[in-house]
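Visitor: Before anything else, here's the structure in question.
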Amino acid sequence: MDLSTIIGLGAGIIGGNGAGKVVSSLNQGVVVNSIAGLVGGGIGAQVLGMVAPALAGGGMDIQGIIGQVIGGGVGGGALLAIFGAVKGAMGK
């Protein structure tokens with residue numbers, strides 16, 4: 001596991017918890033928000049690497065770091081939103 005992957009995972013945790021704080025209906029608690037963010041951050045960073053390899057470059061230059069933070073954060077928040085929507089639909 002390289003440093004860029006760790007950055008994406010960490011950004012995912014922050015993105016998942018941030019989405020839970022901003023949209024209270026998505027908030028599943030810190031543990032679930034963090035796990036969903038971690039998984040979503042890993043997926044988001046990998047997808048960004050496939051879609052825009054220049055942004056998620058494997059190097060540790062500023063462009064690669066910013067790309068991993070964006071991909072991980074958005075992925076973490078998105079997976080938490082999907083999780084919240086599925087959980088809400090199952091509860092009805």
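Visitor: Taking only region 7-35 into account, find how many residues are at pLDDT below 90 and under 20 Å from Gln46 (Cα atoms).
Guide: 2
Visitor: Name the pairs: first residue in region 70-88 and touching a residue at least 40 places away in the same chain (Cβ under 8 Å) and on the phi < 0 side of the Ramachandran plot, second residue loosely packed, with under 13 Cβ neighbours inside 10 Å and polar (S, T, N, Q), Cβ to Cβ under 8 Å, at least 6 apart or on different chains?
Guide: Final answer for the pair search is Gly84/Ser25; Gly88/Ser25.
Visitor: Could you please let me know if Met1 is surrounded by fewer than 18 Cβ atoms within 10 Å (Cβ to Cβ), without any contact (Cβ under 8 Å) to a residue 24 or more places away in the chain and in a loop (DSSP other than H, G, I, E, B)? Spell out the reasoning first.
Guide: Details: surrounded by fewer than 18 Cβ atoms within 10 Å (Cβ to Cβ): yes; without any contact (Cβ under 8 Å) to a residue 24 or more places away in the chain: yes; in a loop (DSSP other than H, G, I, E, B): yes.
Against the criterion (surrounded by fewer than 18 Cβ atoms within 10 Å (Cβ to Cβ), without any contact (Cβ under 8 Å) to a residue 24 or more places away in the chain and in a loop (DSSP other than H, G, I, E, B)), Met1 qualifies.
Visitor: A follow-up question, please. Here is a check on your reading of the model: is Ala85 surrounded by fewer than 16 Cβ atoms within 10 Å (Cβ to Cβ) and part of a helix (DSSP H, G or I)? So that I can check it myself, show each step before the final result.
Guide: Details: surrounded by fewer than 16 Cβ atoms within 10 Å (Cβ to Cβ): yes; part of a helix (DSSP H, G or I): yes.
Here the answer is yes, as Ala85 does meet what is asked.
The values are calculated or read from the model by the stated rules, or taken from the named source; none is laboratory data. The structure displayed is predicted, hence computed values, not measured ones. Quick reminder, even Gly has a Cβ in these numbers, built from the backbone with ideal geometry, and neighbours come from all protein chains shown.
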